[in-house]
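First the structure, in the form of structure tokens, and then the observations on it.
Computed from the coordinates by the stated procedures, all read-outs in this text should not be read as laboratory data. The shown structure was predicted, so the numbers you read here are calculated from the model rather than taken from an experiment. Cβ placement follows ideal geometry from the backbone for every residue including glycine, while neighbour counts extend to all protein chains displayed.
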Amino acid sequence: MTCAEAADGIPPAGGPQDASGAPPETADQGASAGTSGGRLDLTRFTAARVAVGLTGVSLPTAAHLAFLADHAMARDAVHLPVDVPGLLQELAGAGLPCLPLRSRVRDRREYLLRPDLGRRLDQESAAMVVRAAHEAGLGRGERPDLALVVADGLSAPAVMRQAAPFLREFVPRCRSRGVRLAVGSYVSLGRVAVADEIGELCRARATAILIGERPGLTSPDSLGVYLTFGPKVGNTDERRNCISNIRPEGLPFAEAAATLDHLLHLALARGLTGVMLKDDRPLAVGNAAASVPGVAAGRGERRGEGVS
Amino acid sequence: MRSCTIGGTSYRFPELAGLLAKATPHRSGDALAGLAADSEAERVAARFVLADAPLTAFLDEPLIPPEIDEVTRLILETHDKAAFAPVSGMSVGQFRDWLLSDAADGAALAALAPGLAPEMVAAVSKIMRHQDLILVAAKISNTAALRTTIGLPGRLCSRLQPNHPTDDPRGILAAVIDGLALGSGDACIGINPATDSPANVVRLLTMLDELRQRYAIPTQSCVLTHVTTTLDLVRRGAPVDLVFQSIGGTEAVNSSFGVNLALLAEAREAALSLHRGTVGQSVMYFETGQGSALSANAHHGVDQQTLEARAYGVARAFDPLLVNTVVGFIGPEYLSDGRQIIRAGLEDVFCGKLLGLPMGADVCYTNHAEADQDDMDVLLTLLGVAGCAYVIGVPGADDIMLNYQSTSFHDVLYARRVLGVRPAPEFEAWLAAMGLFDDRGRPRAVDPGHPLLELPRDLR
């Protein structure tokens, strides 16, 4: 999401590049308007920073400041803490009461430098999951189909803005399919693989973790969902399916929920997730960019890696 | 033997791999792997010991046994003893002195490259300051060509990277037009696809090929997908200029990428069979980056920078057109801040050039690393001085698909202007012929009727 205030400050592409008040005086100053796409406004076709103009060969002030504003928002998204009580309330309201859990990470800096610690629950949290699973399963011995986990990941705004609206679309689909849900979990300072430990402890057949993705300048609040059949500590990313870029300006909640519902249905029926599980719906429907993380071909496949 | 006393404390380094790791300037990835020096004193002690190690040690004591690693086998089997002869009696420290001496000119360094193992190059880099890395790298010009020539002295190319989150053709073309008008695209026009399906990759390849032919652009296109996908598409007649693959410095990390040396050779042969080059026949494009092996649990106790140099050992076996480190992409658990990214970028370009590659760099960072545009300005400028063959051009430095910041079309123009370097000659001539740049190499006005702008109209 581009900063609205900053975006307003950018002169329209093709317009005069004299935000600083200096009139075009040289050939290359004049060129800037032209390279902005002339009267054909390239910005209509992409959210990329095309047609931002030139002063000499450099960025005009307005575009330079707009970039700084977006970078600041992305940086803040990484470092802002989640309002945990507020979020737990919202998640419960969306149909997913959650245990408040923590990873083994102590603070944000350690979270960024020690992904291994963010993949494991601290002792107390692990005990909470075991207790809750025992109480839920008392006398029935049934295994839940799905453990839903929410984690801050690399973007607090993502999880605070997108997790509850996504669940409001997804949880009713579970109910109508008769999917048995384990107790929900919220993990502070969690990585994707922390869901493996939770799923293993509550003996769930599959887990889906909703987690803040590595923020981009144009998308500081993008939510990712990773689905794993057979959760187990030590699972690697090739065993997961990922739905990325969930936010109103990206993949809409309803579409993302339908994709997860479809993949979950396939996963439970076939007993697997990962490279072997493809979203087989027609391209128009399955355009949710469900992918397998970690099967690194180019960097395109590694989008979610920052939070794995 | 391998011990050194600093400030009254004696430090021992029984294993060569451990010695290399502890001599490495601090970075988060080696600490995460448990390989880094425990103190600054230990790090310096390791450098003293490393400086005394003979270069031949890296041939005699392979860091990863050849029995379990085909990259080690490749390095040992292709080592050119005759080329190595001029430095074969030197220690790492003497090698540094020689590299910096006037005897080591461009011709001597070019002749030496096949005689150097990647581990020797990594080792010497660990006892070099930034200015040492830059000075030696700047002496070397390794060229490769397909439709443009990469790596010529006095030239700085760029890969135009027009990524789009949904691979929308109009969105991609808008970024391509913006980039061409600003003089980017001479290394290649290369898309990281959001969706890796063969059908989507063919669609993008065809679009780029039509664009190239329509305007007779002397460059090559690439859709950066897995080598197996590209190989399959070559066989089905898709217009493949370049075979792309991410590679690393061990057999295990390459295996985690789903590749091995035989597969890379097969893909190269397939692309060569298409005879698509005009001024050369280099058809491979590799990306690398420190930390990929640890990320795949495939590091064998070797530090990430040494493994990165070994990845260049893989690359050079395939006569690549393009090789670049994606230095700041992998994240802060491997390179935590601007300082570490800058150091790694210099090491990578130095090692790649010394090993004979037309080495480029993606000068970049992610939003969870402690880095910003100022850090990238420093690294871009240093790499320009070091004679980096190419960098990346992304609209406004912001890749909206991969969610990271690279260098922009503007940054490329800045580097060319401040360093007095120019685009690849074939592409430079095209920029002038198309009226995009004036006779002094400056971008010109593209008037609304310019043929480049017909493109997105056609697609509307």
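As a calculated quantity, the FRET efficiency between A:LEU80 and B:GLU61 at R0 = 45 Å, using C-beta atoms, amounts to about 0.35.
Peptide A:64-77 shows a mean partner chain C-beta count of 3 within 10 Å per residue C-beta. The phi-based Karplus calculation (6.51 cos²θ - 1.76 cosθ + 1.60; θ = phi - 60°) puts the 3J(HN,Hα) values of the range A:66-75 at 4, 4, 4, 5, 5, 5, 4, 5, 5, 5 Hz, whole numbers, x for Gly and Pro.
Sort B:334-343, B:383-392, B:204-213, B:94-103 for me by packing, meaning the mean count of neighbouring Cβ atoms within 10 Å per residue, highest on top.
Values: B:334-343: 23.3, B:383-392: 26.0, B:204-213: 18.2, B:94-103: 15.6.
Descending packing order for the listed peptides: B:383-392, B:334-343, B:204-213, B:94-103.
I need the Kirkwood Rh of the range B:83-232: take the reciprocal of the average 1/r across all distinct C-alpha pairs and report it in angstrom.
Details: mean 1/r = 0.0546 Å⁻¹.
Taking the inverse mean of 1/r over all distinct Cα pairs, the range B:83-232 comes out at 18.3 Å.
What FRET efficiency comes out for B:GLN94 versus A:ARG109 if R0 is 56 angstrom and r is the Cβ-Cβ distance? Round to the nearest 0.05. Please report the intermediate quantities before stating the final value.
Numbers: r = 41 Å, r/R0 = 0.73.
According to the calculation, E is roughly 0.85.
Using the Cα gyration tensor of the range A:92-279, with a ≥ b ≥ c the square roots of its eigenvalues, what is the shape: rounded (a/c below 1.5), prolate (a/b larger than b/c) or oblate (neither)? Walk me through the intermediate numbers first.
Details: a/c = 1.42, a/b = 1.07, b/c = 1.33.
The shape class here is rounded.
Basic side chains Lys and Arg get +1 at the Cβ, acidic Asp and Glu get -1 at the Cβ, and with that the dipole of the protein assembly as shown about its Cα centre reaches some 1200 debye. Sorting B:372-379, A:155-162 by average packing, meaning the other beta carbons within 10 Å per residue, from highest down gives A:155-162, B:372-379. Put a dot 7 Å past the Cα of B:THR166, heading toward its Cβ, do the same for B:ALA103, and the two dots end up 6.4 nm apart.
Take every DSSP beta bridge whose two residues both sit in the protein assembly as shown; close to 40 percent of them are antiparallel.
Label sites at B:HIS130 and B:GLU210, each approximated as a point 7 angstrom past Cα along Cα to Cβ, lie 4.7 nm apart.
For the range A:161-206, the dipole from Cβ point charges (+1 on Lys and Arg, -1 on Asp and Glu) about the Cα centre works out to 280 debye, to the nearest 20. Compared with the dominant Cα axis of chain B, that is its longest principal axis, helix B:304-315 is turned about 60°.
Projected label points at B:SER39 and B:THR278, each 7 Å from Cα along the beta carbon direction, are separated by 6.2 nanometres.
Summarise the partner chain shielding of B:400-409 as one whole number: the mean count of Cβ atoms from other chains within 10 Å of each residue's Cβ. Don't skip to the end; give the middle numbers.
Details: counts 9, 7, 7, 15, 6, 6, 0, 0, 5, 6.
The mean count of partner-chain Cβ atoms within 10 Å per residue comes to 6.
For the cross-link pairs B:LYS22/B:LYS81; A:LYS232/B:LYS22; B:LYS81/B:LYS353, the ones whose C-alpha atoms lie over 26 Å apart are B:LYS22/B:LYS81; A:LYS232/B:LYS22. Charging the Cβ of each Asp and Glu at -1 and of each Lys and Arg at +1, and nothing else, the dipole of the range A:158-265 about its Cα centre rounds to 360 debye.
Averaged over peptide B:171-178, how many Cβ atoms belonging to another chain are found within 10 Å of each residue's Cβ? Write out the running numbers ahead of the final one.
Values: counts 7, 3, 3, 11, 6, 2, 7, 12.
Counting Cβ atoms of other protein chains within 10 Å of each residue's Cβ and averaging gives 6.
In terms of the mean number of neighbouring beta-carbon atoms within 10 Å, the peptides A:244-256, B:119-131, B:225-237 order highest first as B:119-131, A:244-256, B:225-237. Could you tally the net charge around B:GLY7, taking each other residue with its Cβ under 15 Å from the Cβ of B:GLY7, Lys/Arg +1 and Asp/Glu -1? Every neighbour counted, the sum reads -1. Report the paramagnetic label zone for A:VAL275: residues of the range A:208-249 whose backbone N is under 20 Å from a point 7 Å from Cα along the Cα-to-Cβ axis. Correct set: A:226-232, A:234-243.
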